[in-house]
Amino acid sequence: MGNHGVMILGDTVADTFNRLYYFERAAETYIRALQTHQPLRVLFDEIAEKAARKLEEYPDQASRHLDELKAILDDEGSNYIT
C-alpha cells in the first residue's frame, strides 16, 4: 500500500465516503495554510472535541450527505451506479 495513497474504512458506503470527504477537505485546508508561509495556529483540543461531538450528534449525517451529493449529480445528469 506504500504508493497507493490514503485508505479510508467505514461501516457503510456513506460513512466511508463521508470520512474521505472530510479527510480531503482537512488536507486541502492544511496545504493552503502552509502556502501562506505564516505560523499555523492550532485549535485548542476542547474546540476540536466540541466540533467532533456536534458532528457525531447529527443523526444519519453520512447518509444524508451522500444522498444530497447524489441529488446534485442527478440534477446535473451525471451517470453513476448506486
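The numbers here are math on the coordinates, done by the rules we state, and not lab data. Fair warning: this is a prediction, and the values are worked out from it, not measured in the lab. Note that each Cβ is placed from the backbone with ideal geometry, even for glycine, and that neighbours are counted across all protein chains shown.
For the range 1-81, which trypsin sites (Lys or Arg not before Pro) are both in a DSSP coil and crowded by at most 16 other Cβ atoms within 10 Å?
Sparse-neighbourhood loop trypsin sites (Lys or Arg not before Pro): R41.
Placing +1 on the Cβ of each Lys and Arg and -1 on the Cβ of each Asp and Glu in the chain, which of A33, A71, A52 has its Cα farthest towards the positive end of the resulting dipole?
Looking along the dipole axis, the top candidate is A33.
Please return the longest stretch of the chain lacking exposed loop sites, where chymotrypsin sites (Phe, Trp or Tyr not before Pro) count only if DSSP places them in a loop and at most 16 other Cβ atoms lie within 10 Å.
It runs 1-43.
Report the full-extension gain for the segment F44 to L9: residue separation times 0.36 nm, less the Cα-Cα distance, to one decimal in nm.
9.9 nm
What helices does the chain have that are whole DSSP H segments, at least 30 Å long along their own axis by Cα, and with mean Kyte-Doolittle hydropathy of -1.0 or more?
13-35
Restricting things to Cα coordinates, could you compute the convex hull volume per residue of the chain in Å³?
Per residue, the Cα convex hull of the chain comes to 167 Å³.
How big is the range 1-41 by Rg and Dmax over its Cα atoms, in Å?
13.4, 39
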